[in-house]
Amino acid sequence: MATPESGDSQLDDLLSRLAPKEALASLFERYRDRLKAFLLKKLGTRLKRHVDLDDLAQEVYVRAELRLGRYLATRPIPAYAWLRRLARDVVIEQLRKPEGADLSLDERDDVSTAALQHGLILATDTSPTERARFKELRKKLLEAMGRLTPVENELLCCRFLDQLPVHEIAQDFDLIPNTATKKIISALRKLKRLLEAEGFDFSSLEPS
């Protein structure tokens, strides 16, 4: 059963009646249109011309099926949040492909810290010093985010990378909006403390 923090009554209901892979297939169909809308939003205008949304959605499903056993063993985050995270990974890979490499900085969506590196660290209009600063940030950010709980990590990704409204995040995590806001703020403060403990100077990101 799901814990209160990672509860997902729809998945619980499906698992009570179906085998795990059948439950996933049913759940994915319920969320397919929503996931496709998420993919469409994150791809950006130019990159959308090079990909097929149905193919990307199918890739998300294949990844979910391959990782289903590990996910069900712990249920660290709600099922839709998990599927959306897999969709985010698919978009990141599209950004790394040749058809995404020549997009301008404004056309690249910062969908993850990996996309942050792709869009900022590797940008051709940054100096070697600026690239070094962003590489340092990415390294420390990845290390710090790895020390957050899965829920804290995903809450920050949803709010600041996917730029989802709080009410939508609250719905996905079975929370009331006020509680979701408090958890997001708490996770952000924890991340900042972890970075500061590693000696990261936030003023280094200010324009020189």
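The values are calculated or read from the model by the stated rules, or taken from the named source; none is laboratory data. Just so we're clear, the structure is a prediction, and the values are computed from it rather than from any experiment. Ideal geometry is used to build each Cβ from the backbone, glycine not excepted, and the neighbour counts take in all protein chains shown.
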*Find the residue count for the range 49-81, including only residues that are on the phi < 0 side of the Ramachandran plot and not in a helix (DSSP H, G or I).*
5
*Taking the condition at pLDDT below 90, among the aliphatic types (A, V, I, L, M) and closer than 30 Å to Arg30 by Cβ, does Ala73 pass?*
no
*Which residue, of Gln94, Gln10, is assigned to a helix (DSSP H, G or I), under 26 Å from Leu175 (Cβ atoms), touching a Leu at 6+ places or on another chain (Cβ under 7 Å) and at pLDDT below 85?*
Gln10
*asked:* Looking only at residues that are modelled with pLDDT of 75 or more and assigned to a loop (DSSP other than H, G, I, E, B) in the range 118-151, which one is nearest to Leu83 (Cα to Cα)?
replied: Thr149
*If you check every pair at least six apart or on different chains, which have Cβ atoms under 7 Å apart with a residue in the range 71-83 that is assigned by TED's automatic domain parsing to the domain that holds Ser26 and in contact (Cβ under 8 Å) with a residue 12 or more places away in the chain first and a residue that is among the aliphatic types (A, V, I, L, M) and surrounded by fewer than 18 Cβ atoms within 10 Å (Cβ to Cβ) second?*
Arg75/Ala2
*Please determine, by comparing only the residues of the range 165-180 that are of a type in the set (S, T, N, Q) and more than 18 Å from the chain's Cα centre (by Cα), which one is surrounded by the fewest Cβ atoms within 10 Å (Cβ to Cβ).*
Asn178
*surrounded by fewer than 14 Cβ atoms within 10 Å (Cβ to Cβ) and not basic (Lys, Arg): does that describe Gly44?*
no
